[in-house]
Amino acid sequence: MADTPDRKTLLLTGASRGIGHATVKRFASAGWRVFTCSRHPFPEDCPWEAGPEDHIQVDLSDPNSTIAAVDEIKGRLANGRLEALVNNAGISPKGADGARLNTITTDLKTWGQVFHVNFFASVVLARGLIDELKAAKGAVVNVTSIAGARVHPFAGAAYSTSKAALAALTREMAHDFGPHGIRVNAIAPGEIETAILSPGTQKLVEQIPLRRLGQPDEVARTIYYLCTDESSYVTGVEIEINGGQHV
């Protein structure tokens, strides 16, 4: 699809799989241009239309790489506007044999890496692209997790606390970015059926009122809602997408 002056643009981190893939499909089907960010090169089997031209390879665990990516993204936004930023990238390191890393077993380097990807990158990108978001009266969506509000059997301590911090950051950003016409919200997925599910996740289905795992496209639809005028007076909220697992 050729670019037009009124074509909307999304910047999505963590686009390589799962929720990221589904989000690309949802926005692309609505005619948006989608810029994707991940630490991997552009993969041949990904669904977005423009491919390598709209993919930025960035290591979000490296602050210098993230800051450099902001300049590259600015250069690719031909009209100087960004309608939506979705901070979806997240890592959850495991121990030997997939063991959960808790507050005692997580080393300091891992804590730092997780927080750089899951937390700091979100504010670096949003603050770095604030002028482009202002120009579009855009929206930011931070992807948190059900693990940010409870001890999770699989998600590690660093992952969980980084997601709790991201929820708090969402409120702070909504307060600070709101006067500029930018809405900031979060979604907190529960057990979503993707290729990276931990062994044993199926057992959790018994504790979910809807008695099933969520699908990536169900998450993507909520992200899309938060980035469009359908949610024009919604900001500073965290929407739970977990089939009632939180109740």
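Placing unit charges on the Cβ atoms only, positive for Lys and Arg and negative for Asp and Glu, gives region 9-241 a dipole magnitude near 400 debye about its Cα centre. Normalising the average separation of contacting C-alpha pairs (under 8 angstrom, six or more residues apart) by the number of residues puts the relative contact order of region 82-189 at 35 percent. Between the alpha-carbon centres of region 136-156 and region 118-135 there is a gap of 17 Å.
Neighbour counts of other Cβ atoms within 10 Å put Tyr159, Tyr224 in the fewest-to-most order Tyr224, Tyr159. Counting Cα-Cα pairs of the chain in 10 Å increments starting at 0 gives whole-percent bin shares of 7, 33, 38, 18, 3, 0.
Under the simplified labelling scheme, the Ala30-Arg221 pair shows an inter-label distance of 1.3 nm, with each label point 7 Å from Cα along Cα→Cβ.
How long is the gain from Ser65 to Lys137 if the chain were fully straight, where each residue apart is worth 0.36 nm and the alpha carbon distance is subtracted?
Gain on extension, Ser65 to Lys137, equals 23.3 nm.
By the count of other C-beta atoms within 10 Å, a proxy for reagent exposure, Glu218, Glu206 are ordered fewest to most as Glu206, Glu218. In a simple Cβ point-charge model (Lys, Arg +1; Asp, Glu -1; nothing else charged), region 118-247 has a dipole of about 200 debye relative to its Cα centre. Sorting 25-32, 187-194 by average packing, meaning the other beta carbons within 10 Å per residue, from highest down gives 187-194, 25-32.
Per-residue ellipticity at 222 nm for the chain, helices alone: DSSP H runs ≥ 4 residues times -39500 (n - 2.57), over residue total, nearest 500 deg cm²/dmol?
Computed ellipticity for the chain at 222 nm equals -10500 deg cm²/dmol.
Highest-first packing order for the peptide set 11-22, 175-186 is 11-22, 175-186, based on the mean count of other beta carbon atoms within 10 Å. With neighbours defined as other Cβ atoms within 10 Å of a residue's Cβ, the residues Asp6, Asp97 order from fewest to most as Asp97, Asp6. Between the amide H of Gly214 and those of Glu191, Ile192, Glu193, distances stay under 5 Å, these residues lying 5 or more places away or on another chain, with hydrogens modeled in the peptide plane.
Mind checking which of Leu101, Ile192, Thr9 is farthest towards the positive end of the chain's charge dipole, using Cβ charges of +1 (Lys, Arg) and -1 (Asp, Glu) about the Cα centre? Result: Leu101, furthest along the dipole toward the positive end.
Here, each number is a calculation from the coordinates, and none is a lab measurement. This structure is a prediction, so every number in the text was calculated from the model and none was measured. Cβ sites come from the backbone with ideal geometry, for glycine too, and all protein chains shown count toward neighbours.
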